[in-house]
2 protein chains.
Amino acid sequence: MTEHGITESGTTTTAPLATTLDALRAALGADAVRVGEQISEHAMTDWTRHEPTRPAALLLPCTTGEVSRALAICHAARQPVVPQGGMTGLAGGAIARATDIALSLERLAGVEELDAASATLTVRAGTTLQTAQEAAEAAGFELALDLGARGSCQIGGNLATNAGGNRVIQSGTARDQVLGLEVVLANGDVLSSLGKMVKNNTGYDLKHWFIGSEGTLGVITRAVLRLHPRRATRHTALVALDHYDAAVSLLRRLATRFGNDIGAFEIMWPDFYDFGVKLTGTRSPFEAAHPLYALIEHAGFDADDAGERFARVLTDALEAGALRDAVIAQSVGDARALWAIRECTAEFPLKLDPINFDVSLPIGEIGAFVDRCRAALDQRWPGNEAYFFGHIGDSNLHLTVDGRSVPGVDHHAVYAFVYEMLRPLRGSVSAEHGIGSLKREFLPISRSPAELAAMIAIKRALDPHGILNPGKLF
Amino acid sequence: MTEHGITESGTTTTAPLATTLDALRAALGADAVRVGEQISEHAMTDWTRHEPTRPAALLLPCTTGEVSRALAICHAARQPVVPQGGMTGLAGGAIARATDIALSLERLAGVEELDAASATLTVRAGTTLQTAQEAAEAAGFELALDLGARGSCQIGGNLATNAGGNRVIQSGTARDQVLGLEVVLANGDVLSSLGKMVKNNTGYDLKHWFIGSEGTLGVITRAVLRLHPRRATRHTALVALDHYDAAVSLLRRLATRFGNDIGAFEIMWPDFYDFGVKLTGTRSPFEAAHPLYALIEHAGFDADDAGERFARVLTDALEAGALRDAVIAQSVGDARALWAIRECTAEFPLKLDPINFDVSLPIGEIGAFVDRCRAALDQRWPGNEAYFFGHIGDSNLHLTVDGRSVPGVDHHAVYAFVYEMLRPLRGSVSAEHGIGSLKREFLPISRSPAELAAMIAIKRALDPHGILNPGKLF
C-alpha cells in the first residue's frame, strides 16, 4: 500500500516484536498468544490454499475487551494485525504475512440472545454460521444467510466480507441481515452499536462502514442479526429456455406472481449444464439439448397450494411460448437431483484446474457479455474449456476456465484478460467474494480514482497507522 | 460544532462573500446564483416552520458538473453550504443560517433511465418522489418508498435523510432502495458509483457512507433505485387486542403465514384511537372500547384468493383468543375509512399544538415503555394529553403531546423529559426523521462518545474544512 502512503507492514513498527508480544501476553494471558509451532496450519491460509504463511503470532482473545487491549498495544507499536474468522475466504483477505500478527475470533464465539419479539439474534463474531442458523431454527425463525462454508465460516468473517451465498435473491447479502454491530477500531476504541431497531436515524449508520470492509477498518466482535419467519414450503423446477432474454423475462414474470418467494434463479449455459450432468453421473431430465437452463426454487409460506400455484405459473409460461420445456421436482429426491447439477462446482477443484470468476454486471447485460467473453476466449486460447453459470437475479455471473485446457498459460493472464472486458461496462470484479489480496490489482477496473481516493481517506481517518489488514483491498 | 474543532460558519471564510458569489456566477451563470429578495420563502425553512432564515445566497445548479464547480469554489473559500431538497424535513436539517449558502437540487431533476431487465430507475436528486413513483408504475413496477410528502420531497433528500415512511415493514427504508449513488464531495470531487448490481464487493460500499448523513458528508446528485414488482392486491383490517404482547404475537403469526406480504402493522393506543375517531368524525367500527388497536394491511401478488386467506388467518386468530375483535374492509371505501383514523395525524398541526416524537426501541420493549412514559408524564404534568401510536413492525413509536394541555411548559422541557427516558434503553431519539439541527443536543442519548468521535473523524476526513451543512447532526 506504499503507493497510497499507508504504512507498509514490518517497516515502521516502533517496538521490537518481542516487546509487543510481552505486552500482549500481559494483556491476554500467555495461552492466548501463540508463536512458531504453536500456530496451527489453519491460521496460515484460506480456502484458496494460497501461499500458506506462518504469521509472527496468533492472538486468541476471549472478549471484546481483550480485542480492544490487543489492538491498542499493536496500534501503539505500529504492528500490523490481520483479523481471522473461519479462513474459508476465496480472496486471500485473511492470510497474514510473516511479519503480521493474526487475530483469531474463534474464542469469542457463541449466541448471546435470541429475542423473539424483535426477531433478532445477538451473536459473537467467532460463532459459526451454522451455529447461528441452528439457534434461529430452534426458535422457529430462519437466518437468511447461507453458504457452502456454513460449518466453518464465522459470522464476523461473513459480515467483514459482506458474504452473498444462496439466499441473496430473496433476502439480500450479509449486510442486509445486520441491525446492530460492535466493532473495535485500530486504536482499541470500542464502537458498540448493538441496537435491535429496524429504524434508527441518529447520525451516520456506523455498521455499514465496517460490513464489507474486509477487516481494514475495524475488527467486528458482536452483531445483532435480523431473523426472518421460516419458509414452510420449497418447490424446485428446471426449465429450458431459448436465450438469455427469455430468462430475464421469466425472472420478471415470476417476481410479478410470487414477489420474493422466488428463492433461487440459477442460470446454466449449456457448457456448464452438460459438464454438470457428466460430472454428477446423472441423466438430463430433458431429452433434447437446449440453449439455456434455469434452476428455480419457490420458497414460500402457504403450505396448502404453493406447489400447485408454482406449477400453474410455469405451465402458463410454457403454453405462452416463454419456455421450451420444464421439469418440476415431485419429491425431495427429485429436487436434490436437479440441484446436484448446479452444485457440481464443489467437484471443480478435484476434477479440473479451476480459474474462477465471480463478477457482476447489470442483469440485462449478462447474456451479451457471456457471448462476447466466450468468443474472445476462443479467439485468444482456441480449445479452452469455460463454464458459465450465475445467480442472475442478483446480477452475479460465475465463470470457471479449466486451466488444463490452456496449457502453459499463467492463471494471471486469464484473470487479466476477462477482468479487462468488464472495464468499459463498469462491471464488478468481485460480486461476493471480496478483493482481499488476490484481486487487489484489478480493483481499479471497478472503482474510479475518485472512489479509491475517498476509500483511502476513510481508511486513514479510522486507522491512521495502517495496522489493520495491510496489503488487502488497496 | 466548535467543541469538536470543526469550522464554525462565518468565522473562518478565506474570501469575502462577494468574491465567492462572483466566482459562483462565473461558474454557474448569474441566473443560478440568487441573493436577497430573489430567494423564495421556500428556501428559508422546512415543514417544521422553524425560524425562517434567508441564506446569504441560493444556488440552482443544473448538472453534477455545476454542483462540483460550486462546491470546489466554496471549499476553497471555506464557505458553508447547506444542501436543500424539497424542504419537507421535520428536523431542521436543510435550514440554512444567514451566513450559509443554500444549494438547491431542484433544477437537477428528472428520470434518466428505467432499466426493466435490471429493475432499476436512474434519477437525478431533485426529482420528486412522486415523479419517480409514477415512472416506476408506468413500467409495471413499484418504488417501495412512500411518504406523505411524496409530491414535494425529492429523492436526494429522501436518501440524505434515509427516509422511512409507509412501506418500511415490507421493503425497508430509503437506504434499502439504493443500488448506485453519485455524490459530490465537499472539495468538488465526484464519486460516481451508479452501478445497477445487487452484489458488488469491490472495496468500501461508498453509498452507505452518504445515505442518512443529512448532507454533512457530500451532496447526492443521482441515484440508481431498485424497483419491486407491483403488488396486485391490498386488504385492510382493524383488530382489537388485549395488550401489547398480543400485538407482537399477532405480528409474528402473520409473518409466519404471509412473510413480507404484510404491508402495514400500525398500532394505536386508545388515547390515539379515540382522538382519531373524534377528529375524523367517523364512528368506531367496534361497539366496545378496547385496550389496543392494530391497523393491518396485506399487500400481495395473488389476486385469486389473497383476501380470503388473509381473512381466514385473522378468523383463526380470533377463534384462538389471540384477538378480541376484527373488522375486515370489504371495499376500498371501507379501507379508506379505517386508514382515516390512523392518518388523523395530518390534522394535528391544525387541531392541537403538537410536540412530536419519533423514537425507536426494540419491538418487545415498546409496550412497557409506553406504560412507563404515560405514567411519568401524568406524574410530571397532570392533565397532559398524549397520543401514542407507531409502526411497531419497524420498532418505531410515535408520541404526540398536545402543548395546550401543558400550559406554560416549554416544548423543550417535554422533549428533554421523554428523550431522557430512552437513555437507559439505548433507544433512538430519531427513528426516521433524522437529527438535523433540532435534535442535535439529544444525539448523545442514542450514541456513545466513541460513536460520536468516529463520526467526527469521518466528517473531518471527507469535509476537512467543515463546509457541508455545519451545525447539523453534531
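Structure notes:
- Taken as a whole, the condition of being at pLDDT 95 or above and either closer than 23 Å to B:Ala386 by Cβ or within 14 Å of another protein chain (Cβ to nearest Cβ) (or both) applies to B:Glu266.
- Being modelled with pLDDT of 95 or more, farther than 22 Å from A:Gly471 by Cα and not assigned by TED's automatic domain parsing to the domain that holds A:Gly212 is a property that A:Leu28 has.
- Single condition A:Val111 does not satisfy, out of (1) over 29 Å from B:Phe258 (Cα atoms); (2) over 21 Å from the mean Cα position of the chain (by Cα): (1)
- All positions within segment B:251-296 that are farther than 23 Å from B:Cys373 by Cβ, in contact with a Lys or Arg (Cβ under 9 Å, 6 or more places away or on another chain) and among the charged types (D, E, K, R): B:Arg257, B:Asp261
- Out of A:Arg447, A:Arg460, sole residue that is more than 23 Å from the chain's Cα centre (by Cα) and within 14 Å of another protein chain (Cβ to nearest Cβ): A:Arg460
- Residues that are open to solvent by 20 Å² or more (accessible area, probe 1.4 Å) and within 27 Å of A:Leu159 (Cβ to Cβ) within segment B:173-191 comprise just one, B:Asp176.
- Flag for A:Arg380 being within 14 Å of another protein chain (Cβ to nearest Cβ) and surrounded by fewer than 17 Cβ atoms within 10 Å (Cβ to Cβ): no
- Residue pairs whose Cβ atoms lie under 6 Å apart, separated by 6 or more positions or on different chains, with the first residue in segment A:323-340 and assigned by TED's automatic domain parsing to the domain that holds A:Val248 and part of a strand (DSSP E or B) and the second open to solvent by less than 50 Å² (accessible area, probe 1.4 Å) and not charged (D, E, K, R), are A:Asp325/A:Ala240; A:Asp325/A:Phe286; A:Ala326/A:Ala237; A:Ala326/A:Val239; A:Ala326/A:Leu314; A:Val327/A:Leu238; A:Ile328/A:Ala237; A:Ile328/A:Ala311.
- Just one of the listed residues (A:Gly471, A:Gly436) is of a type in the set (Gly, Ala, Ser) and surrounded by 24 or more Cβ atoms within 10 Å (Cβ to Cβ), namely A:Gly436.
- Any hit, segment A:454-463, residues being buried (at least 17 other Cβ atoms within 10 Å of the Cβ) and assigned to a strand (DSSP E or B): no
- When segment A:192-248 is filtered for residues that are in contact (Cβ under 8 Å) with a residue 40 or more places away in the chain, in a helix (DSSP H, G or I) and in contact with a helix residue (DSSP H, G or I) (Cβ under 9 Å, 6 or more places away or on another chain), the ones remaining, listed by number, are A:Trp209, A:Phe210, A:Tyr244, A:Asp245, A:Ala247, A:Val248.
- 1 or more residues closer than 30 Å to A:Ile435 by Cα and either of a type in the set (Phe, Trp, Tyr) or within 14 Å of another protein chain (Cβ to nearest Cβ) (or both): qualifying strands (runs of 3 or more DSSP E) within segment A:90-153: A:120-124
- Looking only at segment A:383-417, and only at residues there that are touching a Ser or Thr at 6+ places or on another chain (Cβ under 6 Å) and not in a loop (DSSP other than H, G, I, E, B), the one that is farthest from the other protein chains (Cβ to nearest Cβ): A:Tyr387
Conditions tested, residue by residue: (1) touching a residue at least 12 places away in the same chain (Cβ under 8 Å); (2) acidic (Asp, Glu).
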{"position": "A:Arg252", "(1), (2)": "no, no"}
{"position": "A:Gly263", "(1), (2)": "yes, no"}
{"position": "A:Glu266", "(1), (2)": "yes, yes"}
{"position": "A:Pro270", "(1), (2)": "yes, no"}
{"position": "A:Gly281", "(1), (2)": "no, no"}
{"position": "A:Leu292", "(1), (2)": "yes, no"}
{"position": "A:Glu297", "(1), (2)": "yes, yes"}
{"position": "A:Ala303", "(1), (2)": "yes, no"}
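- Set side by side, the residues B:Glu134, B:Glu142 differ, and just one is open to solvent by 10 Å² or more (accessible area, probe 1.4 Å), in contact (Cβ under 8 Å) with a residue 12 or more places away in the chain and not assigned by TED's automatic domain parsing to the domain that holds B:Cys74, which is B:Glu142.
- B:Glu182 being touching a residue at least 40 places away in the same chain (Cβ under 8 Å) and not in a strand (DSSP E or B): no
- Residue check, B:Pro52 open to solvent by 30 Å² or more (accessible area, probe 1.4 Å) and not aliphatic (A, V, I, L, M): yes
- From A:Glu365, A:Glu385, residue being in contact (Cβ under 8 Å) with a residue 60 or more places away in the chain, farther than 25 Å from B:Val198 by Cα and outside the structural domain of A:Ala174 (by TED's automatic domain parsing): A:Glu385
- A:Pro83, sole failed condition from (1) surrounded by 21 or more Cβ atoms within 10 Å (Cβ to Cβ); (2) over 18 Å from A:Val183 (Cβ atoms): (2)
- Subset of segment B:192-215 (residues that are among the basic types (Lys, Arg), within 13 Å of A:Arg175 (Cβ to Cβ) and within 7 Å of another protein chain (Cβ to nearest Cβ)): B:Lys199
- Count of segment A:418-440 residues, restricted to those that are under 22 Å from A:Ala376 (Cα atoms) and not in a loop (DSSP other than H, G, I, E, B), is 9.
- Scan of segment B:269-314 for residues that are aromatic (Phe, Trp, Tyr) and assigned to a loop (DSSP other than H, G, I, E, B), ordered by number: B:Trp269, B:Phe286, B:Phe301
- Residues (open to solvent by less than 30 Å² (accessible area, probe 1.4 Å) and not charged (D, E, K, R)) located in segment B:331-352: B:Ala335, B:Leu338, B:Ile341, B:Cys344, B:Phe348, B:Leu352
- Looking only at segment A:275-330, and only at residues there that are open to solvent by less than 50 Å² (accessible area, probe 1.4 Å) and of a type in the set (Ser, Thr, Tyr), the one that is farthest from the chain's Cα centre (by Cα): A:Ser284
- Every test in (1) modelled with pLDDT of 95 or more; (2) under 30 Å from B:Ala326 (Cα atoms) is passed by B:Thr233 save one, and that test is (1).
- Against the list (1) within 9 Å of chain B (Cβ to nearest Cβ); (2) open to solvent by 10 Å² or more (accessible area, probe 1.4 Å); (3) modelled with pLDDT under 95, the condition A:Gln170 fails is (1).
The values are calculated or read from the model by the stated rules, or taken from the named source; none is laboratory data. As the structure is a computational prediction, the values presented were derived from the model and not from experiment. Glycine also receives a Cβ, built like all others from the backbone with ideal geometry; neighbour counts cover every protein chain displayed. When the accessible area is computed, the model is the full protein with side chains, heavy atoms only, and any ligands, DNA or RNA have been set aside. Shrake-Rupley method; radii C 1.70, N 1.55, O 1.52, S 1.80 Å.
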